[in-house]
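**Student:** My questions will all concern the structure given below.
The values are calculated or read from the model by the stated rules, or taken from the named source; none is laboratory data. Computed from a predicted model, the values in this text were never measured in an experiment. Because the Cβ atoms are built from the backbone with ideal geometry, glycine has one as well, and the counts that use them run over all protein chains shown.
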Amino acid sequence: MDHAAFDDWAALSEGAYLLRSNIIDWSDAQLWKAYIQLAQAEAAFRIQKDQLRVRPIWHQRADRVQAHILVCFLAFVLWKTLELWQQKSRLGNSPRTVLEELARIQSQDVILPTATHGEIRLRCVTQPDAAQAALLERLGIVLPKRMRLADAEGERGNSWARLGSGTSTASPGLALTAQPTIS
């Protein structure tokens with residue numbers, strides 16, 4: 001082997017990113033774009049496994065497999081949307097940190113019996129602490145103080161009526177009202 005030729009090649013390629021491919025009819029730009037898309041797909045799977053903690057589930061029917069793929073895809077899209085929203089707000093790019101901070105905001109359903117209307121259902125949201133309030137403000141999210149839930153007798157099919165059965169939830173997603181103010 002010619003060591004001088006290898007040394008010349010090593011000197012020329014030092015600090016360069018080289019791709020090797022068996023595809024001969026693509027331009028350098030097309031190869032690079034395909035490689036970047038591959039890297040992005042691998043990053044998506046890493047996010048699914050690490051950040052979203054989505055693991056393979058073995059389904060017996062094709063429709064369930066497709067539904068699982070859809071849920072995984074939607075979770076990834078929401079994750080990336082939060083990441084972009086966070087970057088536009090100059091809050092870094094760690095959606096996990098935002099979610100952990102906002103997960104501490106809780107809501108509680110209050111059911112008040114009345115003499116004439118059965119009961120009034122309200123969902124009350126805890127007051128965010130200073131760090132949470134600053135985060136919400138930077139993201140342009142306004143938390144409602146409380147939300148009126150559907151009357152359980154009159155609207156049994158309403159998901160809010162089913163969710164609002166006097167249980168507490170730690171999910172901020174049920175009580176968040178997004179009003180994007182990002183410029």
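**Student:** Look at Asp129 and say whether it is among the acidic types (Asp, Glu), surrounded by 13 or more Cβ atoms within 10 Å (Cβ to Cβ) and closer than 27 Å to Lys145 by Cα.
**Tutor:** For Asp129, the condition - among the acidic types (Asp, Glu), surrounded by 13 or more Cβ atoms within 10 Å (Cβ to Cβ) and closer than 27 Å to Lys145 by Cα - is not met.
**Student:** If you don't mind, there's one more thing I want to ask. Out of all the residues in the range 147-166, which are farther than 21 Å from Thr116 by Cβ and modelled with pLDDT of 50 or more?
**Tutor:** Passing the criteria: only Met147.
**Student:** In this structure, does Val98 turn out to be out of contact with any helix residue (DSSP H, G or I) (no Cβ under 9 Å at 6 or more places or on another chain), outside the structural domain of Leu122 (by TED's automatic domain parsing) and of a type in the set (Val, Ile, Thr)?
**Tutor:** When the stated conditions are applied, Val98 does not pass them.
**Student:** Given (1) at pLDDT 80 or above; (2) not in a loop (DSSP other than H, G, I, E, B), identify the lone condition not met by Ala41.
**Tutor:** All conditions pass for Ala41, except number (1).
**Student:** Which condition number does Leu91 fail, the rest of (1) within 30 Å of Glu137 (Cβ to Cβ); (2) surrounded by fewer than 12 Cβ atoms within 10 Å (Cβ to Cβ); (3) at pLDDT 85 or above being met?
**Tutor:** Every listed condition holds for Leu91 apart from (2).
**Student:** While we're looking at this one, here's another question. Here is a check on your reading of the model: is Tyr17 part of a loop (DSSP other than H, G, I, E, B) and over 22 Å from Leu135 (Cα atoms)?
**Tutor:** For Tyr17, the condition - part of a loop (DSSP other than H, G, I, E, B) and over 22 Å from Leu135 (Cα atoms) - is met.
**Student:** Take the residues in the range 20-38 that are charged (D, E, K, R) and assigned to a helix (DSSP H, G or I); name whichever of them is farthest from Leu82 (Cα to Cα).
**Tutor:** Going through the qualifying residues, I end up with Asp28.
**Student:** In the list Gln132, Gln127, which residue meets the criterion of being part of a helix (DSSP H, G or I), assigned by TED's automatic domain parsing to the domain that holds Met147 and in contact with a Lys or Arg (Cβ under 9 Å, 6 or more places away or on another chain)?
**Tutor:** Numbers: Gln127 fails: part of a helix (DSSP H, G or I).
The conditions single out Gln132.
Okay, residues lined up against (1) without any contact (Cβ under 8 Å) to a residue 12 or more places away in the chain; (2) aliphatic (A, V, I, L, M):
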site: Trp9; (1), (2): yes, no
site: Trp32; (1), (2): no, no
site: Ile36; (1), (2): yes, yes
site: Ala41; (1), (2): yes, yes
site: His59; (1), (2): yes, no
site: Leu91; (1), (2): no, yes
site: Arg96; (1), (2): no, no
site: Arg104; (1), (2): no, no
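**Student:** Could you check, for the range 31-38, whether at least one of its residues is surrounded by 10 or more Cβ atoms within 10 Å (Cβ to Cβ), out of contact with any Phe, Trp or Tyr (no Cβ under 9 Å at 6 or more places or on another chain), of a type in the set (Val, Ile, Thr) and over 25 Å from Glu100 (Cβ atoms)?
**Tutor:** The answer is yes, given that some residue of the range 31-38 is surrounded by 10 or more Cβ atoms within 10 Å (Cβ to Cβ), out of contact with any Phe, Trp or Tyr (no Cβ under 9 Å at 6 or more places or on another chain), of a type in the set (Val, Ile, Thr) and over 25 Å from Glu100 (Cβ atoms).
**Student:** Then there's this: Looking at the range 53-68, which of the residues that are of a type outside the set (Asp, Glu) and modelled with pLDDT of 80 or more is surrounded by the fewest Cβ atoms within 10 Å (Cβ to Cβ)?
**Tutor:** Gln60
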